[in-house]
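Undergrad: What follows is a structure written as structure tokens; I'll ask about it next.
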């Protein structure tokens, strides 16, 4: 089974999301190429390492065909047997599994397959209000 491994990066200084063309890992440091320009803490072109949030692609798509990444805010529906009532939560990795977590309701469900009711409605950086129940 072939698995696609991709990442995206949130830049806190510019409030922008990047999907880099390439990553380089060297001596525990990371840098990436975005639009032909080297970026990241190792590159010297940007600020401190806390400036960036690197998020991994889950390998799954939502009901609209949109790629689901770590940090996405997802709305669930009612068509998956065993799910709790529909909820909105953040996609995170916990104990080796992708889950949708709603800290407010203290619920979590597995993001183990492409279920027709899963829909990406934003991400934790650009749409923080979604996790507070404000849409």
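What follows draws every value from the coordinates through simple rules; no lab data is involved. Since this is a predicted model, take the numbers as computed values, not measurements. Don't worry about glycine lacking a Cβ; one is built from the backbone with ideal geometry, like all the others, and counts go over all protein chains shown.
Undergrad: Taking 22 Å as R0, compute the FRET efficiency from the Cβ-Cβ separation of residue 95 and residue 5 and round it to 0.05.
TA: For residue 95 and residue 5, the calculated efficiency is 0.70.
Undergrad: Same structure again: Highest first, please rank the peptides 62-70, 20-28, 119-127 by the mean number of other Cβ atoms sitting within 10 Å of their residues.
TA: Answer by packing, highest mean first, reads 119-127, 62-70, 20-28.
Undergrad: Going by how many other Cβ atoms sit within 10 Å of their own, how do 74, 9 line up, fewest first?
TA: Exposure proxy ranking, most exposed first: 9, 74.
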